[in-house]
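We did not get these values from a lab; they are worked out from the coordinates using the rules stated. In this text the structure is predicted, and so the values were computed from the model without any measurement. Note that we place each Cβ from the backbone using ideal geometry, even for glycine, and neighbour counts take in every protein chain shown.
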Amino acid sequence: MASDYSILGQSAPAATTNTNVYTVPAATQAVISSIIIANGAATDGTFKMWARVAGATVVQAQVLFDTVTVPANDSIPMTHGITLGAGDIITVYCSSADMSVNVFGLEIS
């Protein structure tokens with residue numbers, strides 16, 4: 001089994017649009033060690049985040065974070081041991097196009 005510690009996904013999502021930040025490749029498992037949401041705007045912003053099992057449609061049961069405020073010109077680091085299987089997707093929704101998302105972790109294949 002090969003292991004690769006890396007930046008798994010980066011995105012600067014369009015405002016008010018569900019955006020896939022990271023999809024686990026086929027025949028791979030992933031452990032998400034941290035996620036950082038940054039807000040480069042001069043006003044507060046919000047985000048939502050889901051862990052979508054095998055790319056399922058966004059539903060309440062998949063919510064990781066629901067309407068969390070990120071202060072103006074600041075970021076929120078989140079450290080969790082999120083485990084994902086092949087085809088699982090991390091999806092975000094940001095209130096502003098001035099926000100960015102970075103996902104760090106380990107892929108095992």
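Could you look through the stretch 50-70, keep only residues that are in contact (Cβ under 8 Å) with a residue 24 or more places away in the chain and in contact with a Ser or Thr (Cβ under 9 Å, 6 or more places away or on another chain), and pick out the one that is nearest to residue 36 (Cα to Cα)?
Once the filter is applied, the top-ranked residue is 70.
So which strands (runs of 3 or more DSSP E) stay within the chain end to end and still have 1 or more residues that are crowded, with 16+ Cβ neighbours inside 10 Å and among the acidic types (Asp, Glu)?
Counting at least 1 such residues, we get 99-108.
When the stretch 1-25 is examined, which residues are found to be of a type in the set (Gly, Ala, Ser), touching a Ser or Thr at 6+ places or on another chain (Cβ under 9 Å) and more than 17 Å from residue 50 (Cα to Cα)?
2, 3
Given (1) in contact with a helix residue (DSSP H, G or I) (Cβ under 8 Å, 6 or more places away or on another chain); (2) farther than 16 Å from residue 7 by Cα, where does residue 89 come up short, assuming only one miss?
Every listed condition holds for residue 89 apart from (2).
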